[in-house]
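The values are calculated or read from the model by the stated rules, or taken from the named source; none is laboratory data. What you see is a predicted model; the values in this text were computed from it and never measured. Cβ placement follows ideal geometry from the backbone for every residue including glycine, while neighbour counts extend to all protein chains displayed.
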Amino acid sequence: MKTPKRIQPLVEEGLVDDVLRQLMSGKEATVYVVRCGEEIRCAKVYKEANQRSFHQAASYQEGRKVKNSRQARAMEKGTRYGRKMQEEAWQNAEVDALYRLAAAGVRVPKPYICFEGVLLMDLVTDAAGNAAPRLNDVELSEAQALDYHAQLLQQVVLMLCAGVIHGDLSEFNILVDAEGPVIIDLPQAIDAASNTEAAVLLERDVANLASYFGRFAPQLNHTQYGKEMWALYTAGLLRTDTALTGRVAAEKRPANVGAVLHEIQLARREEEDRQRSQQEM
Ligand SMILES: Nc1ncnc2c1ncn2[C@@H]1O[C@H](COP(=O)(O)OP(=O)(O)OP(=O)(O)O)[C@@H](O)[C@H]1O
Ligand SMILES: [Mg+2]
């Protein structure tokens, strides 16, 4: 097909030889099948910020590192330079997460480069070599659902051990190749250690899996794998081979309200100090 304008820079750089066809146009990106030498790959072209939806929400940005404080200030102020930086940070987040996860042994498409807002990665394919279907599009038996659910929990544990939470995991962001589920779509991936929403987002990701597979295997409906993983993770006890039960013991001790209030007071004072010293600057 005629090369889309956004992929032209990659053709000029010799990163892409041919654009074969458009695969999908989603909320955040348009995805193409491309040829790079002998290889068939996938090019994800990010939409401009104003065409995108909810993912820019603050909770996803939190804890992300930018290179220097000038960039951070510009991003906070929303200057043109700041918006450009934010745009790049967003686009690079996915390629960074893919590299990190591929290195940790998570089943994700192998990334190559993110150039001019286009992410180049391996095309996930089915047994016949066609673009792999989304999990949402495959029929599952109960046994298969249980098997895929277990495989995906294992992948989520691997991700968490690498410090990453997907943040938008669902049957629409999982492809199924000949060997099983492959996780995609990670621009909103969050840092497990520094994001204050981490526990909530992890639980939501894992609950999405249980409720989807629960349609085929209802015994998954009341499992609590997300809570269990998070408890182990925060206790420093989560390993890539930890056996999970899906159950967490109910907290029986009374809550220590005094200690919580004390923590809140400390945090408030810290914030007041921070604001004061910022004003003085
Ligand atoms: N590496 C890949 N291999 C095969 N197909 C892919 C790959 N990456 C993306 N796709 C296809 O393109 C679709 C959109 O990709 P992705 O989910 O990353 O973008 P998105 O803009 O967030 O889309 P959506 O709004 O549908 O979630 C996927 O559902 C999948 O069908
Ligand atoms: Mg998606």
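Taking the criterion of being of a type in the set (D, E, K, R) and within 16 Å of ligand 2 (Cβ to nearest atom), would at least one residue in the range 158-168 satisfy it?
Here is the first cut: in the range 158-168, the ones of a type in the set (D, E, K, R) are 168.
Next, from what is left, pick out any that are within 16 Å of ligand 2 (Cβ to nearest atom): 168.
Yes, there is a match, as at least one residue in the range 158-168 is of a type in the set (D, E, K, R) and within 16 Å of ligand 2 (Cβ to nearest atom).
Of the residues that make up the range 269-279, is at least one surrounded by 10 or more Cβ atoms within 10 Å (Cβ to Cβ), part of a loop (DSSP other than H, G, I, E, B) and of a type in the set (D, E, K, R)? Within the range 269-279, not a single residue is surrounded by 10 or more Cβ atoms within 10 Å (Cβ to Cβ), part of a loop (DSSP other than H, G, I, E, B) and of a type in the set (D, E, K, R).
One residue is enough: does the range 4-22 have a residue meeting the conditions within 21 Å of the chain's Cα centre (by Cα) and within 16 Å of ligand 2 (Cβ to nearest atom)? Taking every residue of the range 4-22 in turn, none turns out to be within 21 Å of the chain's Cα centre (by Cα) and within 16 Å of ligand 2 (Cβ to nearest atom). I'm checking my understanding of the structure. Among residues of the range 152-200 that are part of a strand (DSSP E or B) and more than 19 Å from R134 (Cα to Cα), which one is farthest from ligand 1 (Cβ to nearest atom)? The selected residue is D191.
If we keep just the residues of the range 222-234 that are out of contact with any Leu (no Cβ under 8 Å at 6 or more places or on another chain) and modelled with pLDDT of 95 or more, which is surrounded by the fewest Cβ atoms within 10 Å (Cβ to Cβ)?
Filtering the range 222-234 for residues out of contact with any Leu (no Cβ under 8 Å at 6 or more places or on another chain) gives 222-224, 227, 231, 234.
This time we only want the ones that are modelled with pLDDT of 95 or more, so: 223-224, 227, 231, 234.
Working: T223: 22, Q224: 18, K227: 17, A231: 15, T234: 13.
So, considering only residues that are out of contact with any Leu (no Cβ under 8 Å at 6 or more places or on another chain) and modelled with pLDDT of 95 or more, the one surrounded by the fewest Cβ atoms within 10 Å (Cβ to Cβ) is T234.
Has the range 129-150 got at least one residue that is away from ligand 1 (no atom under 16 Å from the Cβ), on the phi < 0 side of the Ramachandran plot, touching a Pro at 6+ places or on another chain (Cβ under 7 Å) and at pLDDT 95 or above? Before you say what the answer is, go through the steps one by one.
Within the range 129-150, the subset away from ligand 1 (no atom under 16 Å from the Cβ) is 139-150.
Checking which are on the phi < 0 side of the Ramachandran plot leaves us with 139-150.
From what is left, the residues that are touching a Pro at 6+ places or on another chain (Cβ under 7 Å) are 148.
Checking which are at pLDDT 95 or above leaves us with 148.
There is at least one residue in the range 129-150 that is away from ligand 1 (no atom under 16 Å from the Cβ), on the phi < 0 side of the Ramachandran plot, touching a Pro at 6+ places or on another chain (Cβ under 7 Å) and at pLDDT 95 or above.
Taking the conditions exactly as written (under 15 Å from the mean Cα position of the chain (by Cα), more than 16 Å from ligand 1 (Cβ to nearest atom), among the small types (G, A, S) and buried (at least 17 other Cβ atoms within 10 Å of the Cβ)), does A210 satisfy them or not? So A210 fails the test. Name the single residue, out of those in the range 115-130 being surrounded by fewer than 18 Cβ atoms within 10 Å (Cβ to Cβ) and under 20 Å from A102 (Cα atoms), that is farthest from ligand 2 (Cβ to nearest atom). Filtering the range 115-130 for residues that are surrounded by fewer than 18 Cβ atoms within 10 Å (Cβ to Cβ) and under 20 Å from A102 (Cα atoms), the one farthest from ligand 2 (Cβ to nearest atom) comes out as F115.
The combined condition, being farther than 28 Å from A243 by Cα and under 12 Å from the mean Cα position of the chain (by Cα), is fulfilled by V95. Counting only helices (runs of 4 or more DSSP H) that fall entirely inside the range 19-108 and contain at least 1 residues that are surrounded by fewer than 16 Cβ atoms within 10 Å (Cβ to Cβ) and at pLDDT 85 or above, the qualifying elements are 80-103. Going through (1) touching an Asp or Glu at 6+ places or on another chain (Cβ under 9 Å); (2) closer than 16 Å to E116 by Cα one by one, L15 falls short only on (1).
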